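S.K.: Sharing a structure, written as structure tokens. Questions coming.
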Amino acid sequence: MLGLMQDWPLLIHKIIDFAALQHPRREVVSRLVEGPIHRTNYRELRRRALKVAQRLERDGIKLGDRVATLAWNNHRHLEAWYGIAGLGAIYHTVNPRLFPDQIAWIMNHAEDRLAFVDLTFVPLMEALAQRLPTIERYVVFTDAAHMPATKLKNAVAYEDWIGEVDGDFRWAEFDENTAAGLCYTSGTTGNPKGVLYSHRSNLLHSLISAGLDCLPVGANSTVMPVVPMFHANSWGLAFTAPMRGAKLVMPGARLDGASVYELLETEQVDFTAAVPTVWLMLLAYLQKEGKKLSSLKSVVIGGAACPPSMIRAFEEDYGVEVRHAWGMTEMSPLGSVGSIKPMPAGATPDEVFACKVKQGWAPFGVEMKIVDGENNELPWDGKRFGRLKVAGPAIAKAYFKEERSILDDSGFFDTGDVATIDPNGYMQITDRAKDVIKSGGEWISSIDIENLAVGHPDVAEAAVIGVAHPKWDERPLLIVVPKEGKHPNTAEVLGFLEGRIAKWWMPDDMQTVTEIPHTATGKINKLRLREAFKDYKLPTG
């Protein structure tokens, strides 16, 4: 027997409909590429999103067509997302930080028909245009006054383009499992893989993540998604904030410490999210200028491991709660968030902090397990580590244009991460499977060493890679970027690590560099580091 409840499709446009109805005057604030701060609200954003859908239809865009966006976080980008999805087309967020060859490859693989482009990226598109035969029109996120002279095919200023229709339009009707968004992984080997989100998966992901124990967002919140919309739906905040009626502050292209601080203060932001590299810049600015954070209450840090020293700086120096998070493009992306569960009576601050440095626990909607090399499930004891596998309604089962399932026989997706899970459910990533250092038959976690190394007062950033060793197969090499004006000494930094990690985990040497390479999503690019140090010989004796 089936239940007798309504069949109410979970469609993305219902989020902006709700926001416009229940929170019509709630602000959406953007720093535009043109320079000024722009203010709108959810009612106006919905009105313009309907015009986007109507105008796309006039251009011949239909159900299932892919529409690319190369843009920063701003109100026009958000309008375009809701307009594209509301027509039944698929927004394809293109990460402009990828190599040009990769950008051309994914846009051709997606067969994008139209591209929305911020002013910043017009030169990039001009350089690639001859290699993008499927693109029929470029719509530049600007007005006529700022529209550059360009030879891009059928190029038009966004404001002129939507000005040609009146917005008298009804959202399209389709199944909730219809594809809504396409985001490509930024893998360091091979071509990127396309993750195809559905309306249902995106909406469920936002319901899963919009909770007190995940992303603390409500109608009284002011949210600034520093994480770009081209990073897995800005971690869902482009949907979660309107769903909860929160004020949105979109930082645009300027993500340096001073610019981020300015918006945090002037707009009185209380919640924000980004990768550690952004917060390194903000903390450096705060420390240099002697600034404080007057409104910020909590920050989610993910995309790469958050060093314990960063958590302490936010919480102890600035009174901001840090929630360490983890996820993947294939997971929409939220997998776990490090909010603190009720602790046993008498728990010490150090015991609480030990939970905070982990990547947190999986919310309802994410099943999680760790397995050994034979796919045997391992216990949650916080000691045994194995390959991390996940399942849930917002997790990919295959890649775009690839028929092969990416799930195991139990329906779980192998994340490629190696992790532990403790008895209270807190998960901790110890490494990517491909980055684990295998020394004398044992595994060494590069992430643990990196997190400790950046706690040294002279070290700004650290990476650890395995280097060939004649006896032990591999041994760890520590690579550091100095803080401004500092000159870290190898003996002092390695001495700083002693007693904090197992003796056999100790790096055999340290090298200083001016910059550590990162992937397009802000993760340390270990592949490039291994290539750079492929001929390096560890000291002997």
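S.K.: Would it be correct to say that Gly303 is within 16 Å of the chain's Cα centre (by Cα) and either among the polar types (S, T, N, Q) or open to solvent by 10 Å² or more (accessible area, probe 1.4 Å) (or both)? It would help to see each step written out before you state the result.
M.R.: Numbers: within 16 Å of the chain's Cα centre (by Cα): yes; either among the polar types (S, T, N, Q) or open to solvent by 10 Å² or more (accessible area, probe 1.4 Å) (or both): yes.
Here the answer is yes, as Gly303 does meet what is asked.
S.K.: Kindly list, by first and then second residue, each pair from a residue in segment 408-429 that is touching a residue at least 12 places away in the same chain (Cβ under 8 Å) and within 9 Å of Asp381 (Cα to Cα) to a residue that is open to solvent by less than 40 Å² (accessible area, probe 1.4 Å) and part of a loop (DSSP other than H, G, I, E, B), limited to pairs with Cβ atoms under 6 Å and residues at least 6 apart or on different chains.
M.R.: So the pair list comes out as Thr420/Gly382; Asp422/Gly382.
S.K.: Filtering segment 150-198 down to residues that are touching an Asp or Glu at 6+ places or on another chain (Cβ under 9 Å) and under 16 Å from Ile15 (Cα atoms), which residue is surrounded by the fewest Cβ atoms within 10 Å (Cβ to Cβ)?
M.R.: Restricting to residues being touching an Asp or Glu at 6+ places or on another chain (Cβ under 9 Å) and under 16 Å from Ile15 (Cα atoms), the top hit is Ala172.
S.K.: Scan segment 395-411 residue by residue and report those that are hydrophobic (A, V, I, L, M, F, W, C) and under 22 Å from the mean Cα position of the chain (by Cα). Reasoning before the result, please.
M.R.: Taking segment 395-411 and keeping what is hydrophobic (A, V, I, L, M, F, W, C), we get 395-396, 398, 400, 406-407.
Answer for segment 395-411, where residues must be hydrophobic (A, V, I, L, M, F, W, C) and under 22 Å from the mean Cα position of the chain (by Cα): Ile395, Ala396, Ala398, Phe400, Ile406.
S.K.: Which one is least open to solvent (accessible area, probe 1.4 Å), of the residues in segment 307-360 that are in a loop (DSSP other than H, G, I, E, B), without any contact (Cβ under 8 Å) to a residue 24 or more places away in the chain and small (Gly, Ala, Ser)? So that I can check it myself, show each step before the final result.
M.R.: Quick first cut of segment 307-360, residues in a loop (DSSP other than H, G, I, E, B) only: 307, 319-320, 328, 332-333, 338-348, 357-359.
Filter once more, keeping what is without any contact (Cβ under 8 Å) to a residue 24 or more places away in the chain: 340, 342-348.
Filter again for small (Gly, Ala, Ser), leaving 345-347.
Details: Ala345: 109, Gly346: 73, Ala347: 36 Å².
Among those that are in a loop (DSSP other than H, G, I, E, B), without any contact (Cβ under 8 Å) to a residue 24 or more places away in the chain and small (Gly, Ala, Ser), it is Ala347.
S.K.: For segment 398-427, which residues satisfy the criterion of being part of a strand (DSSP E or B) and within 23 Å of Val352 (Cβ to Cβ)? Show your work before the answer.
M.R.: In the first step, residues of segment 398-427 are kept if they are part of a strand (DSSP E or B); the result is 398, 405, 407, 413-421, 427.
If the condition is that a residue be part of a strand (DSSP E or B) and within 23 Å of Val352 (Cβ to Cβ), then Ala419, Thr420, Ile421, Met427 are the ones that fit.
S.K.: Still on this structure, I have one more. Can you go through Thr150, Thr142, Thr120 and tell me which one is closer than 20 Å to Arg254 by Cα and part of a loop (DSSP other than H, G, I, E, B)? Walk me through how you get there before you give the answer.
M.R.: Details: Thr150 fails: closer than 20 Å to Arg254 by Cα; Thr120 fails: part of a loop (DSSP other than H, G, I, E, B).
Going through Thr150, Thr142, Thr120 in turn, the sole match is Thr142.
S.K.: When segment 19-43 is examined, which residues are found to be open to solvent by 70 Å² or more (accessible area, probe 1.4 Å) and either touching a His at 6+ places or on another chain (Cβ under 8 Å) or over 28 Å from Ala144 (Cα atoms) (or both)? Working first, answer last.
M.R.: First, pick out the residues of segment 19-43 that are open to solvent by 70 Å² or more (accessible area, probe 1.4 Å): 21-22, 25, 36-37, 39, 43.
Leu21, Gln22 - these are the residues of segment 19-43 that are open to solvent by 70 Å² or more (accessible area, probe 1.4 Å) and either touching a His at 6+ places or on another chain (Cβ under 8 Å) or over 28 Å from Ala144 (Cα atoms) (or both).
S.K.: Within segment 420-437, track down each residue that is at pLDDT 95 or above, within 20 Å of Trp504 (Cα to Cα) and in contact with a Ser or Thr (Cβ under 6 Å, 6 or more places away or on another chain).
M.R.: Result: no residue meets the conditions.
S.K.: Across segment 503-536, what is the number of residues that are over 32 Å from the mean Cα position of the chain (by Cα) and free of Cβ contacts under 8 Å to residues at least 24 places away in the same chain?
M.R.: 2
S.K.: Let me ask another. Is it true that some residue in segment 19-32 is within 30 Å of Gln102 (Cβ to Cβ), at pLDDT 95 or above and either touching a Cys at 6+ places or on another chain (Cβ under 7 Å) or among the hydrophobic types (A, V, I, L, M, F, W, C) (or both)? Quick ask: steps written out before the conclusion?
M.R.: Keep residues of segment 19-32 that are within 30 Å of Gln102 (Cβ to Cβ), which gives 30-32.
With the extra rule that they be at pLDDT 95 or above, the set shrinks to 30-32.
Adding the requirement that they be either touching a Cys at 6+ places or on another chain (Cβ under 7 Å) or among the hydrophobic types (A, V, I, L, M, F, W, C) (or both) leaves 32.
Checked segment 19-32: at least one residue is within 30 Å of Gln102 (Cβ to Cβ), at pLDDT 95 or above and either touching a Cys at 6+ places or on another chain (Cβ under 7 Å) or among the hydrophobic types (A, V, I, L, M, F, W, C) (or both).
S.K.: Exactly one of (1) in a helix (DSSP H, G or I); (2) surrounded by 15 or more Cβ atoms within 10 Å (Cβ to Cβ) is unmet by Gln130. Its number?
M.R.: Here Gln130 meets the rest and fails (2).
S.K.: I need every pair where a residue in segment 434-451 that is farther than 12 Å from Ala463 by Cα and in contact (Cβ under 8 Å) with a residue 12 or more places away in the chain has its Cβ under 6 Å from the Cβ of a residue that is open to solvent by 20 Å² or more (accessible area, probe 1.4 Å) and in a helix (DSSP H, G or I), sequence separation at least 6 or different chains.
M.R.: Close Cβ pairs (under 6 Å, with a partner that is open to solvent by 20 Å² or more (accessible area, probe 1.4 Å) and in a helix (DSSP H, G or I)) amount to Ile444/Trp505.
S.K.: Within segment 387-397, is even one residue out of contact with any strand residue (DSSP E or B) (no Cβ under 9 Å at 6 or more places or on another chain) and outside any strand (DSSP E or B)? Lay out the reasoning, then the answer.
M.R.: Kept after step one, since they are out of contact with any strand residue (DSSP E or B) (no Cβ under 9 Å at 6 or more places or on another chain), are these residues of segment 387-397: 393.
Filter once more, so that each one left must be outside any strand (DSSP E or B): 393.
Checking segment 387-397: at least one residue is out of contact with any strand residue (DSSP E or B) (no Cβ under 9 Å at 6 or more places or on another chain) and outside any strand (DSSP E or B).
S.K.: Of the residues that make up segment 182-191, is at least one part of a loop (DSSP other than H, G, I, E, B), without any contact (Cβ under 8 Å) to a residue 40 or more places away in the chain, touching a strand residue (DSSP E or B) at 6+ places or on another chain (Cβ under 8 Å) and closer than 21 Å to Arg66 by Cα? Spell out the reasoning first.
M.R.: First pass over segment 182-191, keeping only residues part of a loop (DSSP other than H, G, I, E, B): 185-191.
From what is left, the residues that are without any contact (Cβ under 8 Å) to a residue 40 or more places away in the chain are 187, 190.
Within this subset, residues satisfying the condition of being touching a strand residue (DSSP E or B) at 6+ places or on another chain (Cβ under 8 Å) are none.
No, the conditions are met nowhere in segment 182-191.
S.K.: Identify the residue in segment 374-407 that is without any contact (Cβ under 8 Å) to a residue 24 or more places away in the chain and either over 24 Å from Val436 (Cβ atoms) or touching a Ser or Thr at 6+ places or on another chain (Cβ under 7 Å) (or both) and, among all such residues, is most open to solvent (accessible area, probe 1.4 Å).
M.R.: The residue in question is Glu403.
S.K.: Only one residue in Ile16, Ile84 is farther than 20 Å from Ala115 by Cα, in contact (Cβ under 8 Å) with a residue 12 or more places away in the chain and open to solvent by less than 10 Å² (accessible area, probe 1.4 Å). Which one? Explain how you work it out, then say what you get.
M.R.: Values: Ile84 fails: farther than 20 Å from Ala115 by Cα.
Exactly one of Ile16, Ile84 is farther than 20 Å from Ala115 by Cα, in contact (Cβ under 8 Å) with a residue 12 or more places away in the chain and open to solvent by less than 10 Å² (accessible area, probe 1.4 Å), namely Ile16.
S.K.: Of the residues in segment 144-181, how many are without any contact (Cβ under 8 Å) to a residue 60 or more places away in the chain and in contact with a strand residue (DSSP E or B) (Cβ under 7 Å, 6 or more places away or on another chain)?
M.R.: Counting residues in segment 144-181 that are without any contact (Cβ under 8 Å) to a residue 60 or more places away in the chain and in contact with a strand residue (DSSP E or B) (Cβ under 7 Å, 6 or more places away or on another chain) gives 9.
The values are calculated or read from the model by the stated rules, or taken from the named source; none is laboratory data. Keep in mind that this is a model prediction, so the values were computed, not measured. Here the Cβ is made from the backbone with ideal geometry for all residues, glycine too, and neighbour counts use every protein chain on show. Heavy atoms of the whole protein, side chains included, go into the accessibility calculation; ligands, DNA and RNA do not. Shrake-Rupley method; radii C 1.70, N 1.55, O 1.52, S 1.80 Å.
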